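What follows is one structure encoded as structure tokens, with my remarks underneath.
The values are calculated or read from the model by the stated rules, or taken from the named source; none is laboratory data. Bear in mind the structure is a predicted one, so any value in this text is a computation, not a measurement. All Cβ positions, even for glycine, are placed from backbone atoms using ideal geometry, and neighbour counts span all protein chains on display. With ligands, DNA and RNA removed, areas are computed over all heavy atoms of the protein, side chains included. Shrake-Rupley method; radii C 1.70, N 1.55, O 1.52, S 1.80 Å.
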Amino acid sequence: MKSDRSHLDWLESEAIYILREVAGEAANPVLFFSGGKDSIVLLRLAEKAFRPGRFPFPLMHIDTGHNFDEVIGFRDARAAELGERLIVRTVEDSIARGTVRLRSADESRNAAQSVTLLEAIAEFGFDAAIGGARRDEEKARAKERVFSFRDEFGQWDPKNQRPELWDLYNARVHKGEHVRVFPISNWTELDIWQYIGREKLEVPSIYYAHRRQVMRRNGYLFAPKPGEQGEELSVRFRTVGDISCTCPVESDAGDVQAIIAETVSSTLTERGATRMDDQTSDASMERRKKEGYF
Amino acid sequence: MSLLGEIERNHADLGDGRNTRGVLRFITCGSVDDGKSTLIGRLLHDSRTILQDQLAAVTRASSKRGSGELDLSLLTDGLEAEREQGITIDVAYRYFATGRRKFIIADTPGHEQYTRNMVTGASTADAAVVLLDATKGLLPQSRRHLLIAHLLGIRNVIVAVNKLDLAGYGREVYAALRASFENFAAPLEIPNLLFIPMSALRGDMVVERGANLGWYQGPTLLEALEAIDVESTDSSLPFRFPVQYVARGQVRSYMGRVAAGTVQTGAEVIVLPSGRRTRVKGISVLGDSLGSALAGDSVALQLEDEVDVSRGDMIVDAHRLPRPVKAFTAKLCWLASEPLAPRGRYLLRHTTRTVKARFAAINYRIDVQTLEQRPLEGEVRMNDIVHAALAVQQPVFVDPYAMDRATGAFILIDEATNQTVAAGMIE
Ligand SMILES: Nc1nc2c(ncn2[C@@H]2O[C@H](COP(=O)(O)OP(=O)(O)O)[C@@H](O)[C@H]2O)c(=O)[nH]1
């Protein structure tokens with residue numbers, strides 16, 4: 001028999017296999033769902049892995065309180081449509097508990113998110129947390145395992161990772177430890193959009209071109225601060241994380257096909273174009289990951 | 001035609017529209033300074049997936065280091081420690097795509113002290129690119145790289161004879177290196193062994209042909225990678241379906257990925273370990289019924305009869321069964337920093353099945369420079385490759401690794417620490 005499987009079929013099949021491995025091996029898994037495009041793809045893959053049954057894990061979002069309304073609305077609607085349980089834990093709660101202290105109210109909450117995330121994992125006793133990270137996003141992720149071990153402090157030790165051979169994943173942990181699992185490790189941004197197109201998946205409206213008031217600074221587009229006079233441009237978001245450090249790009253791409261075309265000819269990688277905090281230094285992501293960030 | 005369709009098509013072989021080449025995974029191996037990082041950088045660069053901001057960052061880093069020229073190798077070294085030491089110490093995965101195929105590169109270090117990293121990268125690779133430095137000739141390291149690739153069952157090996165620019169692009173230098181490598185590789189009977197002369201630095205014969213190697217008529221590296229056929233070998237093997245997860249709805253569905261071979265509705269199968277014989281009633285994904293599935297497909301199977309099946313069981317071709325074994329011999333690469341404990345308690349993970357295991361005997365050491373047997377002498381340590389006999393508490397259903405990687409491979413996990421300590425290939 002001659003195979004006619006495309007690269008998307010291959011990636012999909014691998015991801016379904018990984019999701020089922022988590023279900024088979026972990027006692028208490030959870031899937032991170034933010035309403036962003038990568039986690040939307042994860043949910044589609046979970047449907048393919050487990051329907052007509054229910055998902056063998058709840059969904060969880062760590063809300064920084066700095067999310068786009070469109071994305072939060074989308075998150076809730078999608079979870080309800082799937083009929084799956086959605087757990088939300090907020091950085092605000094950690095601030096109230098005193099485990100997170102911010103220097104200023106509008107600083108990026110990406111780092112603080114790690115604290116809330118680990119608190120949530122401890123609260124529910126999760127032993128496996130499925131996320132939508134991709135190896136092509138950033139250099140430090142290129143060596144990340146598919147099943148990535150975290151110690152009892154939630155820390156990642158890049159120099160002491162478990163060897164990962166064939167498709168024999170090791171999800172075993174002691175109490176208090178957990179694994180992060182990345183079923184779409186091998187996908188690129190282009191693969192994601194092609195899959196969204198193929199599966200006709202809905203994504204939050206801000207991924208598509210829309211008119212928005214923005215300020216230009218250092219080659220990036222920002223939301224104007226109160227009192228600032230911005231300009232109105234046609235923009236879209238390539239990632240939809242924390243508002244304070246997620247910048248839109250100028251674009252007229254109003255549908256998936258146009259986004260794919262832009263992605264193919266794009267001259268900037270996803271994080272470079274849109275995430276201020278990753279630009280600081282080559283090693284900033286690696287440091288954040290060690291501290292427990294996704 | 002819609003743009004999406006066009007791009008999907010573009011990602012497929014344009015020959016007959018449906019003849020896509022899917023994904024190819026390959027490993028790159030070379031000794032320090034053979035030019036591996038430069039070659040990968042060149043592949044990414046020339047296939048235009050190195051995007052501008054990455055390039056800008058590399059240019060900045062290059063000037064910080066004081067090297068004036070653009071250093072393509074800086075694109076691939078990921079972790080801080082590695083940047084400090086200037087070497088690659090772990091497996092890093094890289095991605096690029098052409099109109100015909102998506103590629104996943106496992107970039108592994110070449111040093112003997114990182115044999116386990118190469119074994120890791122090779123375990124999932126369909127092909128290996130072995131680098132030779134044309135100015136140095138055939139080094140012991142290159143032999144080791146070929147032997148590890150062979151040991152891990154890689155059928156497609158491309159030998160990149162690099163730095164030919166430093167040898168005047170001489171045909172004789174290339175021919176001599178090729179002859180000595182072929183001579184060494186002959187006993188391994190590698191099904192697809194290919195040689196390509198190149199300069200990774202100048203970009204000759206990597207993606208572009210360049211102007212300097214007119215005497216060479218064969219494919220460029222990228223053309224060779226695009227042409228490798230992987231699916232047909234896996235699909236011609238006997239059907240193997242390790243069960244991952246059982247859904248207990250109205251209809252019992254057995255979820256898993258076809259590890260080898262193909263299956264059709266109506267096919268006669270046997271469920272192991274029970275030995276129950278039945279037929280496949282349905283094959284489905286998300287409510288869609290499929291008439292068949294082949295190696296690599298994640299599906300749900302429904303069976304004609306009520307059979308008790310759980311995770312770790314295997315549904316197989318009723319006429320070509322795997323071997324049920326409680327004792328077997330295997331080649332083993334030790335991965336952990338703690339030495340092998342001959343009386344230690346280990347868990348053996350084979351397909352989706354986990355069983356307790358112990359060593360019955362450790363027979364000899366395998367010299368990865370020559371594949372010769374050597375006496376054991378002392379402990380088995382990280383990066384050692386040995387021949388051993390193992391005993392397991394419950395049977396596992398195996399095929400020889402050389403025939404079927406999916407049912408011939410296993411890992412050992414230390415029961416106390418949960419560390420993955422060894423990779424094994426069943427004979
Ligand atoms: N002249 C020449 N130099 C090369 C070639 N490929 C790599 N180099 C140089 O060899 C050195 C080692 O290359 P690198 O890619 O870092 O080797 P690695 O250690 O195998 O990753 C660098 O200075 C490269 O610029 C080539 O084809 N020709």
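The fraction of accessible area contributed by carbon and sulfur in the protein assembly as shown is 49 percent, rounded to a whole number (1.4 Å probe; ligands and nucleic acids excluded). Contact residues in region A:144-183 by the 40 Å² criterion (accessible area, 1.4 Å probe, full protein complex versus chain alone): A:Lys159, A:Arg162, A:Pro163, A:Leu165, A:Trp166, A:Leu168, A:Asn170, A:Arg172, A:His174. Taken per residue, the accessible surface of region B:323-426 reaches 40 Å², heavy atoms only and a 1.4 Å probe.
With heavy atoms of protein chains only and a 1.4 Å probe, what residues of region B:384-424 have at least 50 Å² less accessible area in the full set of chains than alone? Residues passing the criterion (a loss of at least 50 Å², heavy atoms only) are B:Ile411, B:Asn418, B:Gln419, B:Thr420. Interface B-A: total buried accessible area of about 6700 Å², 1.4 Å probe, protein heavy atoms only.
Would region B:323-426 count as rounded, prolate or oblate if I go by the C-alpha gyration tensor, calling it rounded below 1.5 in a/c and otherwise prolate when a/b exceeds b/c, oblate otherwise? It comes out oblate by the Cα gyration axes.
May I ask for the Kirkwood hydrodynamic radius of region B:187-327, worked out over all distinct Cα pairs and given in angstroms to one decimal? Don't jump to the answer; show the numbers that get you there.
Numbers: mean 1/r = 0.0556 Å⁻¹.
Answer for region B:187-327: a Kirkwood hydrodynamic radius of 18.0 Å.
Using a Förster radius of 30 Å, what is the FRET efficiency between A:Lys159 and A:Asp93 based on their Cβ-Cβ separation? Nearest 0.05, please. With R0 = 30 Å, the Cβ-Cβ based efficiency is 0.35.
Stokes-Einstein D for region B:270-392 at 20 °C, 1.002 mPa s, Kirkwood Rh over Cα pairs, in µm²/s? Before the final figure, lay out the partial values.
Values: Rh = 17.6 Å.
The estimated diffusion coefficient comes to 122 µm²/s.
Across all Cα atoms of region B:234-317, the radius of gyration (one decimal) and Dmax (whole number) stand at 11.2, 33 Å.
Over region B:323-426, calculate the relative contact order: mean separation of alpha carbon pairs under 8 Å at least 6 apart, over the residue count, as a percent. Show your work: numbers first, answer last.
Details: 250 pairs, mean separation 40.8, N = 104.
In percent, rounded to a whole number, it is 39.
What FRET efficiency would be calculated for the residue pair B:Ser289, B:Ala176, taking the C-beta separation as r and a Förster radius of 60 Å, to the nearest 0.05? Given R0 = 60 Å and the Cβ-Cβ separation, E is 0.55. Quick one: of A:Lys143/B:Lys102; B:Lys102/B:Lys331; B:Lys281/B:Lys331; A:Lys48/B:Lys102; B:Lys331/B:Lys356, which pairs are farther than 27 Å apart, Cα to Cα? Pairs exceeding the cut-off: B:Lys102/B:Lys331; B:Lys281/B:Lys331.
Calculate log10 I(q)/I(0) of region B:114-264 for q = 0.11, 0.12, 0.18, 0.22 Å⁻¹, where I(q) comes from the Debye formula with a single equal point scatterer on each Cα and nothing for solvent. Results for region B:114-264 at q = 0.11, 0.12, 0.18, 0.22 Å⁻¹ read -0.54, -0.61, -1.08, -1.41.
Centroid-to-centroid, using Cα positions, region A:1-58 and region B:361-377 are 42 Å apart.
Are there GluC sites (Glu not before Pro) in region A:61-161 that DSSP puts in a loop and that have at most 13 other Cβ atoms within 10 Å, and which ones? Write down the numbers at each step before the final one.
Working: sites: A:Glu70, A:Glu81, A:Glu84, A:Glu92, A:Glu107, A:Glu119, A:Glu123, A:Glu137, A:Glu138, A:Glu144, A:Glu152; in loops: A:Glu84, A:Glu107, A:Glu138, A:Glu144, A:Glu152.
Here the sparse-neighbourhood loop sites are A:Glu152.
If the chain between B:Glu338 and B:Thr370 were fully stretched, how many nm would it gain, using 0.36 nm times the residue separation less the Cα-Cα distance?
Numbers: separation 32, 0.36 × 32 = 11.52 nm, distance 2.57 nm.
Extra length from B:Glu338 to B:Thr370 when fully extended: 9.0 nm.
Which value at 222 nm does chain B reach when only helices count, each DSSP H run of 4 or more adding -39,500 (n - 2.57), with the total divided by all residues and rounded to the nearest 500 deg cm²/dmol?
Values: 10 runs with 91 residues, N = 427.
Computed ellipticity for chain B at 222 nm equals -6000 deg cm²/dmol.
Region B:261-297 and region B:405-421 have Cα centres lying 27 Å from one another.
Hey, what's the Kirkwood Rh for chain B if you take every pair of different alpha carbons, in angstrom?
On the way: mean 1/r = 0.0425 Å⁻¹.
About 23.5 Å for chain B.
For region A:141-198, what ratio Rg/Rh do Cα atoms give with a Kirkwood hydrodynamic radius? Show your work: numbers first, answer last.
Working: Rg = 13.7 Å, Rh = 12.9 Å.
Over the Cα atoms of region A:141-198, Rg/Rh equals 1.06.
Relative contact order for chain A: 20 percent, from Cα pairs under 8 Å spaced at least 6 residues apart, divided by residue count. For chain A, adding -39500 (n - 2.57) for each run of n ≥ 4 DSSP H residues and dividing by the number of residues yields -10500 deg cm²/dmol at 222 nm.
Using C-alpha pairs below 8 Å separated by at least 6 residues, the relative contact order for region B:234-317 is 38 percent.
Over chain A, all Cα pairs binned in 5 Å intervals from 0 give whole-percent P(r) values of 1, 5, 11, 16, 19, 18, 14, 9, 4, 2, 1, 0, 0, 0, listed from short to long.
Buried on complex formation within region B:289-306 (loss of at least 20 square angstrom of accessible surface versus the isolated chain, 1.4 Å probe, ligands and nucleic acids ignored): B:Ser292, B:Leu294, B:Asp297, B:Ser298. Here the label points at A:Arg198 and A:Ala27, each 7 Å from Cα along the C-beta direction, are separated by 3.8 nm in the simple model.
May I ask for the Kirkwood hydrodynamic radius of the protein assembly as shown, worked out over all distinct Cα pairs and given in angstroms to one decimal?
Values: mean 1/r = 0.0374 Å⁻¹.
The answer is 26.7 Å.
Between the C-alpha center of region A:79-156 and that of region A:173-217 there is a gap of 16 Å.
Restricting to DSSP loop positions (anything but H, G, I, E, B) with no more than 14 other Cβ atoms inside 10 Å of their own Cβ, which chymotrypsin sites (Phe, Trp or Tyr not before Pro) remain in region B:178-251? Write down the numbers at each step before the final one.
On the way: sites: B:Phe181, B:Phe184, B:Phe195, B:Trp215, B:Tyr216, B:Phe239, B:Tyr245; in loops: B:Trp215, B:Tyr216, B:Phe239.
Those that pass, being in a loop and sparsely packed, are B:Trp215.
For A:Gln161, what charge total do you get from the other residues with a beta carbon under 9 Å from its beta carbon, if Lys and Arg give +1 and Asp and Glu give -1? Write down the numbers at each step before the final one.
Values: positive: A:Lys143, A:Arg145, A:Lys159, A:Arg162; negative: A:Glu144, A:Asp157, A:Glu164, B:Asp90.
Cβ neighbours under 9 Å give a net charge of 0.
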